[in-house]
Each structure stands twice: as structure tokens, then as C-alpha cells.
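To start, the structure under review is shown below, and the notes come after it.
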Amino acid sequence: MGSREVDHAVAEMVGVLTGFESADWRRPAGPLDWSCWTTAAHVAHDLHAYAMQLAALPDTGYLPADLLVRDEVSPRDLLRVVTGAGRLLSTVLAASAPSVRAWHWGPTDPSGFAALGVNETLVHTHDITIGLGVRWRPPEALCRAVLARLFPHAPPGDPAEVLLWCTGRLDLPGRPRPTSWVARAAVEPPDAY
């Protein structure tokens, strides 16, 4: 996974949510306690954080920095912030050699950060669309790539449904819905992972 997949996921998010900027983004985002607005700001925060990790290459923890999106920002401008954060991650991914490592619960390569960014974008876009009452389904190819990289022991099935199940958002027949989950992005996960 790399910059193209991040660009595709962010374009999906912005594309499906553009046109619904006048909706009530303070409504809950699907199953989350967060509002749709807060969830979109969280996506921007995570994309920005992944870009910062790859740019600075820390090996023991996350950089002590956060993206702050002002409360008064409109949904339209919030989607522009998501776009900017996505482009930052995409640019850093394109400039990173496959051999570099930065910390995300262990040494993580660029493809791991790309997968994390795509996962956050797809899963939270799903949450927001539920909250806004918009019909949308995560793209199969992106879901398949995220599952292969972050959830290698995921059960077989429809990639979008399996990804939403892996992240506790959907029931699969014969399988209890996960109540917690871990995306395994590190190439050498620590023992406590």
C-alpha cells in the first residue's frame, strides 16, 4: 500500500460527503460516541500524525504534537482539512524508501502507515455516512488491501463487510462482533502487542 491508496481513500471520503455539508454534522457518527464532525476531524488528525511519524522517523513513540481543528470550522472546510492531511501523508509516503521505519506500536514501514491511513479513512467515512443517513460502501479493493496488511487473520468473505467486522462495526454470520481490535501495522511487533 502507498500514496495512491491513501489518495483514493481520501477522495472517496470527500466525494461521498461533499453535498451533505449542510446536514447536521453534530449528530452521532454511526455507532460512535463522537459526532460526525469530530469523527472527520479525527481522520484528519490521524492522517497528519501518520505523516509526521514518517517524516520524523521516531522509534519509541508518537511525536508530542496534535492537529487542532477549530470548533467553528464548517463541514466543507473540515473536508478540506482532511484533504490536506491526506495529501501530507501521501506526499511523505511517496518520498519514503520502503526500508524506513517509524513507530506505531513497533517499527512500522511506509506501507503500514498507508494501510493505517486508509483504514481510518474508510471506517470513519462509514461511521459518518451512517450518522448523516448517506448510503455508501467502502471500495472492495481498498478494503482487501487493508485486510491483507493490517488484519492478516481476518475471516474470509466480502472485503468491505469483513473490514467493518474487524473494526467492530458489523456482524458476520456465526461470528461475534469484536468489542476491541488492533490494527497490526508494525513489521516487527513488540511482544506486548
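The values are calculated or read from the model by the stated rules, or taken from the named source; none is laboratory data. Not measured: the values here are computed from a predicted model. Every residue, glycine as well, gets a Cβ built from its backbone with ideal geometry; the counts of neighbours run over all protein chains shown. We work out accessible area using only protein heavy atoms, side chains counted, and drop any ligands, DNA or RNA first. Shrake-Rupley method; radii C 1.70, N 1.55, O 1.52, S 1.80 Å.
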So the check is Cβ under 6 Å with 6+ separation or different chains; which pairs have a first residue in region 152-163 that's part of a helix (DSSP H, G or I) and a second one that's crowded, with 18+ Cβ neighbours inside 10 Å and hydroxyl-bearing (Ser, Thr, Tyr)?
none
Please verify whether residue 46 is within 24 Å of residue 89 (Cα to Cα) and at pLDDT below 95, treating the condition exactly as stated.
no
Return a yes/no flag: does region 175-191 have any residue that is in contact with a strand residue (DSSP E or B) (Cβ under 7 Å, 6 or more places away or on another chain), part of a helix (DSSP H, G or I) and open to solvent by less than 50 Å² (accessible area, probe 1.4 Å).
no
Is one or more of the residues making up region 83-104 open to solvent by 40 Å² or more (accessible area, probe 1.4 Å) and in contact with a strand residue (DSSP E or B) (Cβ under 8 Å, 6 or more places away or on another chain)?
yes
Exception for residue 117 within (1) buried (at least 23 other Cβ atoms within 10 Å of the Cβ); (2) without any contact (Cβ under 8 Å) to a residue 24 or more places away in the chain falls at (2)
Residues to consider are 140, 161; find the one that is in contact with a Pro (Cβ under 9 Å, 6 or more places away or on another chain), open to solvent by 30 Å² or more (accessible area, probe 1.4 Å) and at pLDDT 95 or above.
140
Across region 12-33, what is the total count of residues that are touching a helix residue (DSSP H, G or I) at 6+ places or on another chain (Cβ under 8 Å) and within 22 Å of residue 160 (Cα to Cα)?
11
List every residue pair whose Cβ atoms lie under 9 Å apart, where the two residues are 6 or more positions apart in sequence or sit on different chains, the first residue falls within region 86-102 and is farther than 17 Å from residue 45 by Cα and touching a residue at least 60 places away in the same chain (Cβ under 8 Å), and the second residue, located anywhere, is open to solvent by less than 40 Å² (accessible area, probe 1.4 Å) and part of a loop (DSSP other than H, G, I, E, B).
94/2; 101/109
For residue 3, indicate whether it is closer than 19 Å to residue 95 by Cβ, of a type outside the set (A, V, I, L, M) and crowded, with 17+ Cβ neighbours inside 10 Å.
yes
